[in-house]
Structure formats: C-alpha cells, structure tokens
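Undergrad: Sharing a structure below in structure tokens format, with a few things to ask.
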Amino acid sequence: MAIPENLGSEFRRFLGFMASEMRPKGKLLTPFNIISVPIILLGLGILVVRFTKGLGSVTNLSQDFPWGFWIGFDVITGVAFAGGAYIITFVVYVMRKERYHPIVRVTVLNGLLAYIFYAGALTLDLGRPWNIINPIIGNEFGYNSVLFLVSWHFMLYMMAEFVEFSPVVAEWLGWKRVRGFLDSLTLAAVIFGITLSTLHQSGLGALYLMAKPKIHPLWYSEFIPILFLVSSIFAGLSMIIFEGTISHRVFKDQIDPKKHHTFEEIVFGLAKGAAIAMFVYYFFKALIFIHEHHWTLLNDFWGFWYLVEILGFVLVPCFMFAYAVRHRRLGVVRVAAVLTLVGIVLNRLNISVIAFKWDAPIKYYPSWQEIVVTLMVVFAEIWVFRWIVLRMPVMREAHETPTSHSPAIEAPPLRT
Amino acid sequence: MKRRDFLKAAGVAGAALAGGPAEAEQPADPIEFAGVLVDTTRCIGCRSCEKACSEEHDLFVPDIANDNALAAERQTSETQWTIVNRYETSKGEVFVKKQCFHCWQPACAAACLTNAMYKTTNGPVIWRPSKCMGCRFCMVSCPFDIPKFEYHEWNPKIQKCNMCFERLQEGKRPACVQSCPTDALMFGMKRDLMEIARVRIYNHPERYVHKIYGEHEVGGTGWLYLSAVPFEEIGLRTDLGTTPYPEYTRDFLYGVPLVLFGLPALLLGLNLLSGDDDEA
Ligand code: SF4
Ligand code: SF4
C-alpha cells in the first residue's frame, strides 16, 4: 500500500486536508438547515427521555403493538427504499451494463447511509440494546430466528457496501495505490452484497410469517418474503429516480452538464426495469388473491384499502412507467416513481402497523415523538450524504478533482 | 429427512451468516414434557392462583377480595403473569385462568435471536434476562400474545409465566397449582395429563365438550384446558391452527443456505458471460 517516504509530512498533509474538509461549505442559513437542525436537536432530546424513562415515555407502543413506526417505517420501509444499491451494482458489475455506471457511486452511497441510519434506527427501538452484542459475538446464536438472520445480514451488507464505496474515499484522500487495491475487491463485494440483499429484503417479510393470526388475510401470505424481495426492486429503482431528480437540482454544479442527457437515458432504463418488476409483483399478488379466494374479503373497509394500495399505487404507476418509457415522458416517470414510493410505504406500514391487529379495539398510531425521531434520522442521513457528496467524487467524474475553493461552485440553497 | 440433513451441513459450513435452522432445543416428543391441566368446570374464580403467582415472582399482588377485577375481561400484563377471567356462556358463568401456554414448539423462542426465550427440555418456556435485547419479536410472534414488555423502564424486562421454573427444579409444583383450592389445576407430564383429561371426559361425557384445548393447538401446548362450553365462548382462540408456529418460517430458513451458496455462483457465471460493454 501507499507508504510514502516521509510518513510524517504525509500525515501532516492528511491532517491539514481533513481540517479543511471538515469546514462547512457554503451558507449556513439555508431553509433545509433551518428546518433540520431544530428537529435533530429535538430528536436527540427525545432520545434522552427514551433511554432514561423507557420506550413507553415517548412512543405509543403497547402490549398489543410491540412494533410501531420506528420498525415499520424506518427499518422495514427504509431498507426497501435502499434496495437500489444492490440492483444497480448487479446491473453494472454483474451484467456489465456500463450505461448505468454514472449512478453507481451515488446509489451505493445512498444505500450505505440508508442502512447505517435506517437499519441503525433498529437499535433505538431495542429495550435492552447493550445485549445486542450477544448475537454478534456468538454468546448466543438464535439460529432459528429470522431476526437473527436479518440483523447479521444487515451488518455484513453494510461492510460489503462500504467496500464498494471505499475506492471513492481513497480517491478523495488521494491514496492511489490503496484505491487500486480496493477497486479489485469490488466484484467480490458486489456479489456478496447482492446475495445478502436478496436474503434480508425477503427476510424482512419473513419476520411477519409467524404473525399469521395478527395480520389481515389480505396482506398475510406465506409468500411475503418473495413479495418483499420483488417489491424492493421497484422500490429501489423508484428511489433512485426520485432521489436522483432532487440531487441533480441541488448538486447540479457537481455534474458535468453534458451528462444530463445521459442521466435521462438512465432514468428511462430504470423506469423500464421498475415497470417489469411491478408487473411481476402484480402477477404474484393476483395469483395469491385468486388462490386464497380473497374476493370474499373485498366488501369492507379493508378490502377497499387493499384495492387502493394494489391498484392505485402498484398498477397505476406500473402503467405510467410503461407509458412514460414508450413516449419518453420524463415528468410521468417522476410522478410514477413518487406513487410507487407511496405504495411501498403503504404496503410496509399495512403489514407492520395498519392491518396488523386490524381488529384491535385500540389501534396504534405513532406519537409525535416517534415522528420527530424518524425525521431526525432522515435529516441526519441527508446531512451526512451532503457532506460526503460535496467532498468526495461521488457525482462528479472521477479524477477531475475540483478544489473545494473553486469559484465555479456556487452555493445552491441546500448547502452548509 | 435427507434434504434437512444436507441443508444442516450447509448451514454449519456457512456458520453464523448462513443461519439455517439448527434443530430447536425442545422436548423431542410432543407429549413428554411438563404442563398443567386446567379444568374450567372446577374453577370457582377465587383467583388464589393470581395471588400466589405474584407473590412467588415479586410482582403486583392483587387484592383479590375487593378489587372487582372479574367485571371485565383482562389480559396478562407486565405486572401479572396470570389472570382469571369470567365469561357468560351458554351454560352459565365460567372462570378461565390464562397464562403462557408453554407451547411444545414455541413461536416466541423461535423468534428470539438471542435464545433469551428458551424452551427447556422439561417443559417450561423461560426468559433469560442476561441475553434478551428487548427487540420484542417474541411478542410479535406469540400467537397468544403472552409476552409483555415493561415500556416504562430504562432497563425493561419481558414478563411472562415461566411455569415456576425454579420451583420445578426444587421438585415443587407451580405456585398457582399449589394454591388452587378446587384442584382445577393439575401439574404433570403432558402424556399423563392427556390421559386424565380423557378419563374425565369419558366419565362425564355430558359435562365436557369432547375436546382438549392444547392437545393440538399451535402444534400442542403444555397447558391443557377442559371446558363445558365451546372454547371460543371462554376466550380461547380456536382459529390458530395445529401447525407449530416455527414451521411458518422453516421454508424460508432452509432456503437461506441455498441462496447463500448458490446465488454467488450464479452471479459469477452471469458476470463471466456478459460482455464488457453494451452499447444498446
Ligand atoms: S404461549 Fe406464547 S409465550 Fe407462551 S410458549 Fe407459546 S409462544 Fe411462547
Ligand atoms: S425481546 Fe428478548 S426475549 Fe423477546 S425475542 Fe427479543 S431478545 Fe428474545
């Protein structure tokens, strides 16, 4: 690895570099900062209460609803949204579709951060988090537990994603030879990562298999794992489209203007993939529906609610994607992506919270503190994302390292 | 069980990350473990068992003479491992004790990623504080909604009946069984309890419905119930099926080692096959 002759001066260079990179770039008083900072502070305050007075002091969780918004939204939904990383690395590194290469880095970064923050939110929900080391150090392995599997795979996947992203870090630090070495690990990390993703995306669904009597029959199926896996594909793709659209505006100076056209091509490709995955998903859903004679369940609120999810937020966006790809309508793709994401939120929350104990006399709904903490997690993730994107070659082309003081970079509204 | 053996071997090879269901540590035989027979036709609703349980386990001791708790249906809670409910049935008033059923193949233990929830070979399903991380997956999974969580503690515990595990080790019977003045509760091996229950039904066919709740429910439970009226009338769910709950995740868990070893090979193959570039 890169061991320079003069380790001392290299180390000083490194410290100086880090110090300059730590400084905020751009304005501090932006709308995003003004909203996010108080929420993050409030969220931290809530967490102090949560860890001293117990989960019940800030959440609406109950004996009937042991898992609420933090699990149902942050973890279950958040991880589905992060599915883009395994799909894109599959397309680019396994299938070698170079066309999608420009979005690999940003997608992997998004995936990595999503896992760190959203899957990490799992620990906020643990009553006795210090015992989390038991299943990690092998003090106690619950081999029969789906959750055991899912949490191990989360951890390993984060490592795999970090390896996938590490060349960017090496490049940023100017460690050329390290970078070469890390690059050589990418394919292995990608293959390992895809495998782990397949397992834990479906594993999140498998968590609910034993809750059979508690989930409304329209949502419970022994095929939940497969449904979760397939839906994570279009959830991930839609998230890339949605997120890419926003960051192309916000970080536009990071991207070579010539590349905008490429990005449009990529978006249409992703939309096509999403349409196909949604069609397959819809097909599965229909099979289950017919096989289980579910039409008898349609004539009440839950039947209506089911149709809203499955027609309004799966079938409609599926057709919209297909239409948009054929007629090259970027706007329609974006709307479809948003509808799809809403549909995923609905689906995951239906299984974990809304249609869970659908007949309970007292229903669960999240407390404002649960929502604030969720927003805190999301905002914190965006802060870290922004910090990295503004410094490391994530969106801009590799090697052309614009100095941070380059006058060409104007502060867009979102920057620190 | 060839397939199972192969997959188990694969699971061991993949160690922790493969997971794969190792054989659950549970009584091998579905009836060779301890349980309790609850004869609801004998229960007078005195709630001595509630008091005895709470005293034994340092929980909230109810004032059974004055608290009028039978007025509404209750659930077990983080302060009471067992409760007695009163039901108005087609054959009049019936009292029913409720607690953990100590399933033969407990969903809670299969769910637990730290083995904190644990089915001992002699029967009781116990919770071990030093292992539990408070994820509450056991609560999500238990078909009877038995495990309860202390939501207002910084160091919360899962609370549920442990069939007086400590007392059993000393050769004593569970505190509730000991306290019952009418022998509505009887402690023993499930095999013997089943015999006794059948004899009671046989001797008094007019007194009982001809079914023993817990014989097959969720794969069989350690606690068994006899009743004069259909079990739905006394708050026992009859829609839970007879499949042991861990079975529902078994297929998924068996698939894991296959995916873990098969998929990388497939991906590598795809990678070698695909051309370097697609200018499509
Ligand atoms: S009744 Fe629930 S808590 Fe008791 S052993 Fe069965 S699954 Fe576990
Ligand atoms: S809450 Fe504790 S006992 Fe229950 S599944 Fe989680 S770790 Fe196991």
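The values are calculated or read from the model by the stated rules, or taken from the named source; none is laboratory data. Just so we're clear, the structure is a prediction, and the values are computed from it rather than from any experiment. Cβ sites come from the backbone with ideal geometry, for glycine too, and all protein chains shown count toward neighbours.
Undergrad: How many residues are farther than 18 Å from B:GLU247 by Cβ and either facing another protein chain (nearest Cβ under 7 Å) or within 7 Å of ligand 1 (Cβ to nearest atom) (or both) if we restrict to segment B:106-120?
TA: Adding up the residues that qualify gives 3.
Undergrad: Also, quick follow-up: All but one of (1) aromatic (Phe, Trp, Tyr); (2) within 14 Å of chain B (Cβ to nearest Cβ); (3) under 26 Å from A:LYS357 (Cα atoms); (4) under 12 Å from the mean Cα position of the chain (by Cα) hold for A:TYR86, so report the exception by its number.
TA: Only one criterion in (1) aromatic (Phe, Trp, Tyr); (2) within 14 Å of chain B (Cβ to nearest Cβ); (3) under 26 Å from A:LYS357 (Cα atoms); (4) under 12 Å from the mean Cα position of the chain (by Cα) is unmet by A:TYR86, namely (3).
Undergrad: Related question: In segment A:193-216, what residues are away from every other protein chain (no Cβ under 11 Å) and within 17 Å of A:TYR306 (Cβ to Cβ)?
TA: Answer for segment A:193-216, where residues must be away from every other protein chain (no Cβ under 11 Å) and within 17 Å of A:TYR306 (Cβ to Cβ): just A:HIS216.
Undergrad: Only one residue in B:LEU263, B:LEU240, B:LEU226 is facing chain A (nearest Cβ under 9 Å), within 27 Å of B:PRO124 (Cα to Cα) and aliphatic (A, V, I, L, M). Which one?
TA: That would be B:LEU240, the only listed residue that is facing chain A (nearest Cβ under 9 Å), within 27 Å of B:PRO124 (Cα to Cα) and aliphatic (A, V, I, L, M).
Undergrad: Here is a further query. Any residue at all in segment B:194-210 that's within 20 Å of the chain's Cα centre (by Cα) and not in a loop (DSSP other than H, G, I, E, B)?
TA: yes
Undergrad: Select, from A:PHE165, A:PHE148, the only residue that is surrounded by 22 or more Cβ atoms within 10 Å (Cβ to Cβ), away from every other protein chain (no Cβ under 13 Å) and hydrophobic (A, V, I, L, M, F, W, C).
TA: A:PHE165
Undergrad: Oh, and also: Quick one: which residue in B:ASP39, B:ASP58 is over 23 Å from B:ARG250 (Cα atoms), away from ligand 2 (no atom under 16 Å from the Cβ) and at pLDDT 95 or above?
TA: None of the others qualify; the one that does is B:ASP39.
Undergrad: So, in segment B:37-79, exactly how many residues are of a type outside the set (Asp, Glu), within 14 Å of chain A (Cβ to nearest Cβ) and in a loop (DSSP other than H, G, I, E, B)? Break it down stepwise before answering.
TA: Taking segment B:37-79 as the starting set, the residues that turn out to be of a type outside the set (Asp, Glu) are B:37-38, B:40-49, B:51-54, B:57, B:59-62, B:64-66, B:68-72, B:74-77, B:79.
Now narrow it down to the ones that are within 14 Å of chain A (Cβ to nearest Cβ): B:72, B:74-77, B:79.
With in a loop (DSSP other than H, G, I, E, B) added as a condition, the list becomes B:72, B:74-76, B:79.
Residues meeting the conditions: 5.
Undergrad: Tell me which residues, restricted to segment A:123-143, are modelled with pLDDT of 80 or more, surrounded by 17 or more Cβ atoms within 10 Å (Cβ to Cβ) and more than 11 Å from ligand 2 (Cβ to nearest atom).
TA: Result: A:LEU124, single match.
Undergrad: Sticking with this structure for a sec: Can you name the residue in segment B:139-161 that is away from ligand 2 (no atom under 12 Å from the Cβ) and closer than 30 Å to B:TYR248 by Cα and is also surrounded by the fewest Cβ atoms within 10 Å (Cβ to Cβ) among such residues? It would help to see each step written out before you state the result.
TA: Applying the first criterion (away from ligand 2 (no atom under 12 Å from the Cβ)) to segment B:139-161 yields B:143-145, B:151-155, B:161.
Filter once more, keeping what is closer than 30 Å to B:TYR248 by Cα: B:143-145, B:151, B:161.
Details: B:PRO143: 22, B:PHE144: 23, B:ASP145: 18, B:TYR151: 20, B:CYS161: 26.
My answer is B:ASP145.
Undergrad: How about segment B:121-143: which of its residues are within 14 Å of ligand 1 (Cβ to nearest atom) and of a type in the set (Lys, Arg)?
TA: Answer for segment B:121-143, where residues must be within 14 Å of ligand 1 (Cβ to nearest atom) and of a type in the set (Lys, Arg): B:ARG128, B:ARG136.
Undergrad: I would also like to ask the following. Based on what the data block shows, is A:THR52 within 11 Å of chain B (Cβ to nearest Cβ), free of Cβ contacts under 8 Å to residues at least 60 places away in the same chain, away from ligand 1 (no atom under 16 Å from the Cβ) and farther than 30 Å from B:LEU267 by Cα?
TA: Spelling it out, A:THR52 is indeed within 11 Å of chain B (Cβ to nearest Cβ), free of Cβ contacts under 8 Å to residues at least 60 places away in the same chain, away from ligand 1 (no atom under 16 Å from the Cβ) and farther than 30 Å from B:LEU267 by Cα.
Undergrad: Continuing with this model, one more query. Scan segment B:175-185 and tell me whether some residue there is within 14 Å of ligand 2 (Cβ to nearest atom) and away from every other protein chain (no Cβ under 14 Å).
TA: no
Undergrad: Filter segment B:212-228 for residues that are more than 9 Å from B:THR242 (Cα to Cα) and not in a loop (DSSP other than H, G, I, E, B); which is nearest to the chain's Cα centre (by Cα)?
TA: Only one residue tops the list, namely B:THR221.
Undergrad: Looking at the structure I just gave you, is B:TYR254 free of Cβ contacts under 8 Å to residues at least 40 places away in the same chain, of a type in the set (Phe, Trp, Tyr) and within 14 Å of chain A (Cβ to nearest Cβ)? Outline the logic, then answer.
TA: Values: free of Cβ contacts under 8 Å to residues at least 40 places away in the same chain: no; of a type in the set (Phe, Trp, Tyr): yes; within 14 Å of chain A (Cβ to nearest Cβ): yes.
Against the criterion (free of Cβ contacts under 8 Å to residues at least 40 places away in the same chain, of a type in the set (Phe, Trp, Tyr) and within 14 Å of chain A (Cβ to nearest Cβ)), B:TYR254 does not qualify.
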